[in-house]
Amino acid sequence: MTPQEVADRAEIHDVIVRYGWAIDTKDWALLDTVFTDDAHVDYSSNPGGKVGPYKEVRGWLAKVMTAFPVTQHLMSNIDARLDGDRATCRTMVTNPQGAATKDGGLHFFFVGARYDDEFLRTDAGWKIAKRVETTLWFQGSLPDELLIQR
C-alpha cells in the first residue's frame, strides 16, 4: 500500500466513525460532514425506514431519532476498497437502542446491520455518496407506543 492509500483508508475509517458519533449524539451538523450534498441514502430495511436524497433522509432522522434517547452505533469490520477518487466500503454495525416509553423508562432492543457505501473524494475530503443499510438481525421489539406513532 502506498502512503496515500493508507491515508485514504484512514480518512474513510474516520468518516464511518464520525457517522456513528453524529447519529448517537444527534449532531445533525456533524452528520452533514459525512455525506455529499446529493448523496442517496437507503434505510428501508429498518422497520419504518426511509430511502431517498440525503437532505430528506436527514430531516426524517432528526424527527424519528427523538424517540431514541439512547443509541450506540458500534462499527466494525470496516472494509474499504479504493479506486482513485472513488471507493466502496462495507461496515458491520451492532446497534443497541433505548426507545423512550410513556412511563419514562427506556425499552431496549438490538439491531445488527451492514452498511454498503460508495465514497467520493471531495474538496472537503472523503464523503459518502451512497449508503444502503441492510438489517441482518433484530433482537427484541419496538415498544407498542412507538409503533402507534408510525
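The values are calculated or read from the model by the stated rules, or taken from the named source; none is laboratory data. Note that the structure is predicted; figures quoted are calculated from it, not measured. Neighbour counts are summed over all protein chains in view; Cβ atoms, including those assigned to glycine, are modelled from backbone coordinates with ideal geometry.
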Could you say whether any residue in region 11-25 is surrounded by fewer than 20 Cβ atoms within 10 Å (Cβ to Cβ) and in a strand (DSSP E or B)? no
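Looking only at residues in region 51-66 that are of a type in the set (Lys, Arg) and modelled with pLDDT of 95 or more, which one is nearest to the chain's Cα centre (by Cα)?
ARG58
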Mind listing whichever residues of region 68-108 are more than 22 Å from GLN4 (Cβ to Cβ), hydrophobic (A, V, I, L, M, F, W, C) and within 17 Å of the chain's Cα centre (by Cα)? PHE68, VAL70, LEU74, MET75, MET92, VAL93
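Which count do you get for residues in region 31-46 that are of a type in the set (Asp, Glu) and either in contact with an Asp or Glu (Cβ under 8 Å, 6 or more places away or on another chain) or assigned to a loop (DSSP other than H, G, I, E, B) (or both)? Step through it out loud before you land on a result.
Let us first name the residues in region 31-46 that are of a type in the set (Asp, Glu), namely 32, 37-38, 42.
When the remaining residues are screened for being either in contact with an Asp or Glu (Cβ under 8 Å, 6 or more places away or on another chain) or assigned to a loop (DSSP other than H, G, I, E, B) (or both), the result is 42.
Total meeting the criteria: 1.
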Result of the Cβ filter at 6 Å on region 65-82, keeping first residues that are closer than 24 Å to PHE108 by Cβ and part of a helix (DSSP H, G or I) and partners that are of a type in the set (A, V, I, L, M) and modelled with pLDDT under 95, at least 6 apart or interchain, is ALA67/ALA99; ALA67/ALA100; ALA67/LEU146
